[in-house]
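Right, one structure below, let's go through it.
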Amino acid sequence: MSTADRYREAGVDLDRAVEAKRRIAESVASTRTDLSAGLLGAFGGMLRLPGGISDPNLVMSTDGVGTKVLVAIRAGRHDTVGEDLVNHCVDDILVHGARPLAFLDYIASADVETDTVAALVEGVARGCREHGMTLVGGETAQLPELYHLGHYDLAGTIVGVVSEAEALHGDRVRVGDVLLAYASSGLHTNGYTLARKIVFDEMGLDVDDVLPGVDQTVAEALLAVHRSYWKAVRPVLSEVHALAHITGGGIPGNLSRSLPDGCSAVVHRDAWEVPPLFMVLQEHGRVSEDEMYHVFNMGIGLIAVLSAEHLEDARRAAEDAGVTTWRVGEVRAGDGVQVV
């Protein structure tokens, strides 16, 4: 028995891994930009910093898509969660005013199913191409004793850049500023442990069933791609005082991270219409309103803090990018976030 046969017997198939890497290389190559350096398939990814940025700061973030991958596995649809991953990370560094430059992904599974891995990376590559960002590399790991067969985890790291003079730290926020909310495209990438329990266990639905009151199948509603706000916000970044990406922890847990001491944000619940998906989850899951606002984004994926005089500029930029916005509140003296 050869070394490869013994490794395969133990649970790791090197031959399938080679084929997966070949298909991955095609996706990676499609994201090369004029900042790309080095060779495909090297041990590390290389990138040139763009010119013309004074006092550049690198902005980095790492994240995953959580148990949304279990919905993708159940539906047999794997390309959208890769795009979710990229857009989530883009939004995280957008909060600091950073332009996305490079991305790395990490896929771990019990076995390397070539079509699945290729679909995951193509989703990542699609997200990168949409932002003019290079997928500089990543890792595909076979870990048969850590994961159930057919299951995988997906994570990514993003690198961006911003001039220190243009970086958003929250220190520009002033009492009297207004809050502009940007519509989410669904659950985005948080709250899925609770959402799955409600939809699959308590409502007894499967991925191909129509979700009552939503007019979409369960798969369509739960796998809607996490929206990127880069194109909606980039034109007015110089007018924005702070940004908050509404992920796990909801509006209260994330908006508070963007406020300086002495400033409190008041968010008015009647300023926007919560999408039906969230109402269905609340009703069938018997979830309190307070918990809903701490677990889910409730239809708002990003909140910008800016002066009232720049509000219409920001709204027009969002509209041009196809994103609905609402003025949902204001900044007052105090501390913390109130959703009233």
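The values are calculated or read from the model by the stated rules, or taken from the named source; none is laboratory data. In this text, all values refer to a predicted model and were calculated from it rather than measured experimentally. Note that each Cβ is placed from the backbone with ideal geometry, even for glycine, and that neighbours are counted across all protein chains shown.
Candidates in region 97-124 are the residues that are within 15 Å of T157 (Cβ to Cβ) and not in a strand (DSSP E or B); of these, the one that is modelled with the lowest pLDDT is V121. Looking across region 266-280, just one residue is within 24 Å of the chain's Cα centre (by Cα) and among the acidic types (D, E), and that is E273.
This table checks each residue for (1) assigned to a helix (DSSP H, G or I); (2) more than 15 Å from the chain's Cα centre (by Cα); (3) over 17 Å from G301 (Cβ atoms).
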{"position": "V159", "(1), (2), (3)": "no, no, yes"}
{"position": "V162", "(1), (2), (3)": "no, yes, yes"}
{"position": "H169", "(1), (2), (3)": "no, yes, yes"}
{"position": "L179", "(1), (2), (3)": "no, yes, no"}
{"position": "S185", "(1), (2), (3)": "no, no, no"}
{"position": "T193", "(1), (2), (3)": "yes, yes, yes"}
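Screening G127 on (1) out of contact with any strand residue (DSSP E or B) (no Cβ under 7 Å at 6 or more places or on another chain); (2) surrounded by fewer than 23 Cβ atoms within 10 Å (Cβ to Cβ) shows it passes everything except condition (2).
Among the numbered conditions (1) under 21 Å from P100 (Cβ atoms); (2) outside the structural domain of E122 (by TED's automatic domain parsing), tell me where G160 comes up short. It is condition (2) that G160 fails.
Condition (residue is aliphatic (A, V, I, L, M) and at positive phi) applied to region 292-310: is it met by at least one residue? The answer is yes, given that some residue of region 292-310 is aliphatic (A, V, I, L, M) and at positive phi.
Those residues that are buried (at least 20 other Cβ atoms within 10 Å of the Cβ) and either among the polar types (S, T, N, Q) or touching a strand residue (DSSP E or B) at 6+ places or on another chain (Cβ under 8 Å) (or both), I need them from region 64-91; list them, please. Residues satisfying the conditions are V65, V69, T80, V81, G82, L85, V86, N87, H88, C89, V90, D91. The number of residues in region 322-339 that are part of a loop (DSSP other than H, G, I, E, B) and buried (at least 17 other Cβ atoms within 10 Å of the Cβ) comes to 1. Of all residues in region 174-197, those satisfying the criterion of being over 22 Å from V90 (Cα atoms) and crowded, with 19+ Cβ neighbours inside 10 Å are D177, V178, A195.
State whether the residues of region 242-251 include one that is assigned to a helix (DSSP H, G or I), at pLDDT 95 or above and surrounded by 21 or more Cβ atoms within 10 Å (Cβ to Cβ). Yes, region 242-251 contains a residue that is assigned to a helix (DSSP H, G or I), at pLDDT 95 or above and surrounded by 21 or more Cβ atoms within 10 Å (Cβ to Cβ). For region 141-180, the set of residues classified as in contact with a helix residue (DSSP H, G or I) (Cβ under 6 Å, 6 or more places away or on another chain) and of a type in the set (G, A, S) consists of G156, G160, G170, listed by residue number. Within region 264-291, the set of residues being surrounded by fewer than 21 Cβ atoms within 10 Å (Cβ to Cβ) and not in a helix (DSSP H, G or I) comprises S264, V266, H268, W272, E273, V274, P275, R286, V287, S288. Checked against the criteria, S61 counts as at pLDDT 90 or above, in contact with an Asp or Glu (Cβ under 7 Å, 6 or more places away or on another chain) and among the small types (G, A, S). Does A155 count as assigned to a strand (DSSP E or B), assigned by TED's automatic domain parsing to the domain that holds A42 and surrounded by fewer than 17 Cβ atoms within 10 Å (Cβ to Cβ)? For A155, the condition - assigned to a strand (DSSP E or B), assigned by TED's automatic domain parsing to the domain that holds A42 and surrounded by fewer than 17 Cβ atoms within 10 Å (Cβ to Cβ) - is not met.
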